[in-house]
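Structure, as structure tokens:
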Amino acid sequence: MKTKVVVALLLWIFMTTGCIRKTELDELAFFSGVGIDQLETGKIQLTLQVILHRELKVQAQSGNLPSNNIILEGDSIPDANSNFSLQSGRRGIWSHARAIIIGEGLAKSGIGDILDYMQRDYEILGRTYLVVSKGDARTILDAETTNLETIQSFNISDMVEQYKSNGKTFPINLNDYLLRAAQDTGINFLPGIKQLEGKSKIQSGKDMNALQMSEIAILKDNKLIGWFDESETTGLLFIHNKLSSTVLNFEYPDNTEKAYVTIQHSKCKMTPQYENGQLKKVTITVKAAGILTQGNRLIDPSKPSVLEEVGEKAAAAIEEKIHKAIEKGQLLNADVFDISTKVHRTNPKLWADIKPSWSEVFGALDFDIKAEVTIQRSGLVTKSIQ
């Protein structure tokens, strides 16, 4: 009898338990992306792109965008973020943010405090992309999106993820950045984004400020110190073995004609060279394979010797891009290539001695760069129609 009473009481407890801390969807606001700028006053400005879930269902019929940007200011991110509920009457949720755009001015001042907040807030996911804008982050999220993606921040994350097809940028999420930040040199990099000069048209005929992933932001101790242009970025990606595909163009067979090769696979090896216990130079070797994607009237790809010469020209183009990347890195005193890690692993005793002055050592370091490219095929035709 006692057992039946206990069971009945337990069932009654479970059946009468309510959702004490329930939260309705209409009480929440989901951020698809966030822009962070620093104002001249020193205050933080947040641009919160809020998903309008009701508009998602009717956007095709009404033409209204399914997102809205809300601008907030505060002494810090927590302060500005706390003002969101005062303006919207809802609690903001960061976990749906696909990209966080950091304004160029803020990046120059330093993002250490910003990163500290991102690490501590459980709603900000480690897979969220970080991007540095040329100019203010607000202008990036305010730009009109293409019809391919109705929410601008989703469009930005899609552009970041297409790095494999161009070799001109590389995605970095919060986890990636924090992992590199733990290294001794304090050097890091993030993809850049900018508004293109001039305007294009969307389907409705309305002007659209087109966006483009552009260049790589170089940071030292979490402060922006310079940019790698597209060519230097490609060289950087070759060194890091992060390049899946890129197009090389070069003059061949003379300076009146050009040829284009698409690299489809590459492997880079970086080796420190020592002499008398000291770091003498670093050798960089790249082996790549690609296809001839556009020739000219003077190229006969049916001849193996011609394809071999094209491969040599492509290899020279790779060497030039890597050389430019290293030259810019040394100009900035920024070992963004992780050479310090190689030295630390291969000669820890020497690294302990040169670590305090690594920026100067890296800036004066010599490099031996050698690339080799195999042209695997020349497309569907043997001769140009020109």
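The values are calculated or read from the model by the stated rules, or taken from the named source; none is laboratory data. What you are looking at is a predicted structure, and each value in this text was computed from that prediction instead of being measured. Using ideal geometry, Cβ is built from the backbone for each residue, glycine included, and neighbour counts are taken over all protein chains shown.
Filter region 291-317 down to the residues that are outside any helix (DSSP H, G or I) and surrounded by fewer than 14 Cβ atoms within 10 Å (Cβ to Cβ), then identify the one that is modelled with the lowest pLDDT. Don't jump to the end; show me each part of the working.
First, pick out the residues of region 291-317 that are outside any helix (DSSP H, G or I): 291-303.
With the extra rule that they be surrounded by fewer than 14 Cβ atoms within 10 Å (Cβ to Cβ), the set shrinks to 297, 302-303.
Details: Arg297: 58, Ser302: 67, Lys303: 79.
Filtering first and then ranking leaves Arg297.
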Considering each residue of region 318-333, count those that are outside any helix (DSSP H, G or I) and either touching a helix residue (DSSP H, G or I) at 6+ places or on another chain (Cβ under 8 Å) or among the polar types (S, T, N, Q) (or both), and give that number. 1
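Could you go through region 71-87 and let me know if any residue there is surrounded by fewer than 10 Cβ atoms within 10 Å (Cβ to Cβ), at pLDDT below 65 and either assigned by TED's automatic domain parsing to the domain that holds Asp113 or among the basic types (Lys, Arg) (or both).
Checking region 71-87: not a single residue is surrounded by fewer than 10 Cβ atoms within 10 Å (Cβ to Cβ), at pLDDT below 65 and either assigned by TED's automatic domain parsing to the domain that holds Asp113 or among the basic types (Lys, Arg) (or both).
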Taking the residues in region 29-49 that are assigned to a strand (DSSP E or B) and of a type in the set (Ser, Thr, Tyr) as candidates, determine which candidate is modelled with the lowest pLDDT. Ser32
